[in-house]
Amino acid sequence: MAETETTTGRRERKKARTRQALADAAVRLFTERGFDNVGVREVAEAADVSLSTLFKHFPSKEALVFDLDADVESALVTAVRDRAPGQSVLHALRDHMVQARTAVRTDDPTFVLVESTPALRDYARRMWSRHEKTLAATLADATGLAPDTPAVTGLARFTLEAPSIARASEDPARTMRDLFALLEQGWATTPLARQESHPGQAG
């Protein structure tokens, strides 16, 4: 039994190393020469694996750039399902997004690559759409609401869109918290709303 587990563990580690090597080679080549100017065979050669091995790990050329796709979705689900007793789904998602989604900045090479490549932007939108549906289903299970309830779909959409705002700020983590606070407390609690209520008192 122990030998089988050791063999399985070794095999999984080897697969993970191969997958990482492919992803690293792809981002490096795409960044250096442009996504459209690099073929998948070149990526395979750079990672020293066969083309068939590449496609075992990544179903498409675009997927090479999003090697953490499944991990990102799984982490979203886990944040809701395994939240601390008594913690709301809103706070669980806030804490997860602050920790996991505020490290990438707009000047990150991979981020720049995606934003400058139409095919990758389209892939990213489809990817986030899948994550949104999965998150909405998870929220529905956690709250007892229907998956198409506006509160459920709205929170899922908000959660996945918030990083694009946070990344562009000077303090992404703080901005992420502020965005979730706005969702939780409402517009009426913001300084702008108070100015709207008392326009003559501004300044």
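The values are calculated or read from the model by the stated rules, or taken from the named source; none is laboratory data. Keep in mind that this is a model prediction, so the values were computed, not measured. Counting neighbours? That spans all protein chains shown, and the Cβs are built from the backbone with ideal geometry, glycine included. Ligands, DNA and RNA are excluded from the accessible area calculation, which covers all protein heavy atoms including side chains. Shrake-Rupley method; radii C 1.70, N 1.55, O 1.52, S 1.80 Å.
So with the 1.4 Å probe, I'd like the accessible area per residue for the chain, rounded to whole Å².
It amounts to 60 Å² per residue over the chain.
Which order, highest average first, do 142-149, 154-161 follow once you tally other Cβ atoms within 10 Å for each residue and take the mean per peptide? It would help to have the intermediate numbers written out before the result.
Values: 142-149: 12.9, 154-161: 18.5.
The packing order, highest mean first, is 154-161, 142-149.
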Exercise. Between rounded, prolate and oblate, where does the stretch 124-184 land on the alpha carbon gyration tensor, with a ≥ b ≥ c its root eigenvalues, rounded for a/c under 1.5, else prolate if a/b exceeds b/c?
Worked result: oblate
Exercise. Do any trypsin sites (Lys or Arg not before Pro) in the stretch 71-105 lie in a loop, going by DSSP, with at most 14 other beta-carbon atoms within 10 Å of their beta carbon, and if so which?
Worked result: Arg105
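How many percent of the accessible area of the stretch 58-203 is carbon or sulfur, using a 1.4 Å probe? Walk me through the intermediate numbers first.
Working: 4460 of 8340 Å².
So the carbon and sulfur contribution to the accessible surface is 53 percent.
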